[in-house]
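The values are calculated or read from the model by the stated rules, or taken from the named source; none is laboratory data. From a predicted model like this one, the values you see are computed outputs, not experimental measurements. Every residue, glycine as well, gets a Cβ built from its backbone with ideal geometry; the counts of neighbours run over all protein chains shown. These accessible areas exclude ligands, DNA and RNA; they are computed on the full protein's heavy atoms, side chains included. Shrake-Rupley method; radii C 1.70, N 1.55, O 1.52, S 1.80 Å.
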Amino acid sequence: MTTLFNYWHFIVIGIIFFIFVGGIVASIKQKNKKLIPPMIISISLICLLFLGFSIVVVDKYTKIPKLYKMKNKRLLSIEKIVYTGIVRNEGNHEIGKVTFEIKLVNKGHVTGNIKGGSYFKPSGFMDFFKGGSNILYRPQSITKEFIVARNLRPGEAKSFRVYFDWPPYFRNVSHFGKVYGH
């Protein structure tokens with residue numbers, strides 16, 4: 001099994017490792033022995049934080065999936081919606097997992113004037129104290145995620161098709177599709 005780290009990941013990991021080793025050596029050379037354990041813990045936490053952020057940043061800039069020809073079709077007989085399209089790796093490195101995220105925003109609710117993406121999404125915090133759920137509550141936005149491709153090589157494209165239930169109360173819906181590569 002191959003790892004989906006590319007050479008940029010290993011370069012960044014190597015740089016952070018040298019910073020870690022330098023910090024450990026500098027902390028051990030301290031004259032005040034009480035400062036050694038806090039310095040080792042601090043440098044370890046800082047390096048772990050940098051490592052986490054750097055892996056995310058390298059993934060973002062080296063693994064570039066693009067979405068092409070996204071289409072949707074409602075299946076009225078079974079109350080589902082089908083999204084089809086093509087994902088393509090535009091980067092120079094292999095993508096392990098391509099995730100397609102679709103967000104449906106209902107513009108036909110009570111106010112009738114909602115702009116795409118600007119809406120209130122209740123957190124449900126107060127429902128915890130009420131002791132029950134509101135049966136009349138209908139969410140005005142739905143977000144779904146699907147894994148549509150695995151091990152996508154540079155320049156390779158794959159078609160996909162995803163299904164999910166269509167809320168029957170949605171009217172005049174806006175569709176927002178995104179793809180992410182990991």
Residue tally, condition surrounded by 13 or more Cβ atoms within 10 Å (Cβ to Cβ) and over 30 Å from residue 182 (Cβ atoms), over segment 1-41: 5
Being surrounded by 16 or more Cβ atoms within 10 Å (Cβ to Cβ) and of a type in the set (Phe, Trp, Tyr) is the filter here; which residues of segment 42-93 pass it? 83
List, please: which pairs have Cβ atoms under 9 Å, are six or more places apart or on different chains, and start with a residue in segment 33-46 that is on the phi < 0 side of the Ramachandran plot and end with one that is open to solvent by 70 Å² or more (accessible area, probe 1.4 Å) and in a helix (DSSP H, G or I)? 36/28; 39/28; 40/28; 43/19; 46/19
Only residues that are more than 15 Å from residue 82 (Cα to Cα) and at pLDDT 85 or above: list them for segment 152-170, please. 153, 154, 155, 156, 157, 158
So the check is Cβ under 7 Å with 6+ separation or different chains; which pairs have a first residue in segment 163-182 that's farther than 20 Å from residue 59 by Cα and a second one that's basic (Lys, Arg) and outside any strand (DSSP E or B)? 169/138; 172/107; 173/107; 174/107
